[in-house]
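A short worksheet on the structure shown next.
The values are calculated or read from the model by the stated rules, or taken from the named source; none is laboratory data. Treat the numbers as computed from the prediction; the structure is a model and nothing was measured. As a convention, Cβ positions derive from the backbone with ideal geometry for all residues, glycine included, and neighbour counts pool all protein chains shown.
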Amino acid sequence: MKARRSTMGRGLSSLISQEALTSQPAAVVRVQIAAIDANPEQPRHQFDADDDFCLSIKQHGIISPLLVRRDGRRYVLIAGERRLRAARAVGLTEVPVLLRNNADNPAVQLELALVENLQRTDLNPIDAALGFQRLISQYGHTQEAVALAVGKERSTIANAVRLLKLPQEVLDAVREGDLSAGHARALLPLVGQVPAPTLDDAVQAVGSLSVRGAEALVRQLLRGETDQFAIDRQARLQAATPIAERLTERLSAEVSVRPRKQGGGRIVIDYTNADELQRLVAQLTSAT
């Protein structure tokens, strides 16, 4: 098997499919903004206002050309919607573009738009997953083909698409940044395995947990510990962790906090021998 060469640092052309590469761009030209239509395959659903970006465009113009294809006497945007929106916002009337011939294949348009968005850190995981899924279900790509097209590992594509099995409210929470993709993936084993109210409670609880804590909570729920205590206990353990760490440092001994079902709990201090026990007793009794 041939080793797959790394695509890091090799530019946009190294991250798109062979089909996309067959449509070579022409020289940079300037076109009227009013003549450019939006990309119908744009995977990004949210475009946040960026005053600093708009100011940069106003001061320096657009340095990196937009990628477009011709559609009769008009142009269809393939990549660069954020730059186009900023140019409109600051009152520019024309922008530099690269004209890509024979790029009217919608799958190629989606690939290119995904690549551009994925190279930016703020494409949310749900929009990325929906884009990957469209390439699979609508355009017949395999997960391997999607991975090659966007410069990702196949496992990354598989994990992203799996998120779409979660309820819409969970997907919305990830899209809005209220829940990380890691927390959402931790919830996947619960889908279809626990009642909807339990899943809802778990969704509310995991936001205050680490990803590892969320995974532990899910294991508890799958073992049948579906009462509210199982959820609350994980939240209390997570909240108590910084306190336990402070006590461990202060006493130079391992300290753990263990909540009880009735409320409250125990603080447990470990010691290794009688001398250490005497030291701890002296330290605790002399504390003011």
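Filter segment 176-228 down to residues that are aliphatic (A, V, I, L, M) and assigned to a loop (DSSP other than H, G, I, E, B) and give me whichever is farthest from L164 (Cα to Cα).
First, pick out the residues of segment 176-228 that are aliphatic (A, V, I, L, M): 179, 181, 184, 186-188, 190-191, 194, 196, 199, 202-203, 205-206, 209, 211, 214, 216-218, 221-222.
Imposing the further condition that a residue be assigned to a loop (DSSP other than H, G, I, E, B) reduces the set to 179, 191, 194, 209.
Working: L179: 14, V191: 11, V194: 18, L209: 22 Å.
This residue is L209.
Among residues belonging to segment 123-141 that are within 15 Å of P40 (Cα to Cα) and not aromatic (F, W, Y), point out the one that is surrounded by the fewest Cβ atoms within 10 Å (Cβ to Cβ). Can you show your working first?
If we filter segment 123-141 for residues that are within 15 Å of P40 (Cα to Cα), which is where we start, we get 127, 130-131, 134-135, 138-139.
Adding the requirement that they be not aromatic (F, W, Y) leaves 127, 130-131, 134-135, 138.
Values: D127: 18, L130: 20, G131: 24, R134: 18, L135: 26, Q138: 12.
Looking at the filtered set, the residue picked out is Q138.
Looking at segment 54-98, which of its residues are small (G, A, S) and either part of a strand (DSSP E or B) or under 19 Å from A113 (Cα atoms) (or both)? Give the derivation first.
Filtering segment 54-98 down to residues small (G, A, S) leaves 56, 61, 64, 72, 79-80, 86-87, 89, 91.
Result: S64, A79, G80, A86, A87.
Which of (1) surrounded by 14 or more Cβ atoms within 10 Å (Cβ to Cβ); (2) farther than 25 Å from Q220 by Cα is the odd one out, the single condition A173 does not satisfy?
(2)
Could you please let me know if G207 is within 23 Å of T241 (Cβ to Cβ) and either at pLDDT below 90 or hydroxyl-bearing (S, T, Y) (or both)?
Numbers: within 23 Å of T241 (Cβ to Cβ): yes; either at pLDDT below 90 or hydroxyl-bearing (S, T, Y) (or both): yes.
Yes: the conditions hold for G207.
It is to be established whether one or more residues within segment 105-114 are assigned to a strand (DSSP E or B) and under 27 Å from I126 (Cα atoms). Steps first, answer last, please.
Narrowing segment 105-114 to residues assigned to a strand (DSSP E or B): none.
No, the conditions are met nowhere in segment 105-114.
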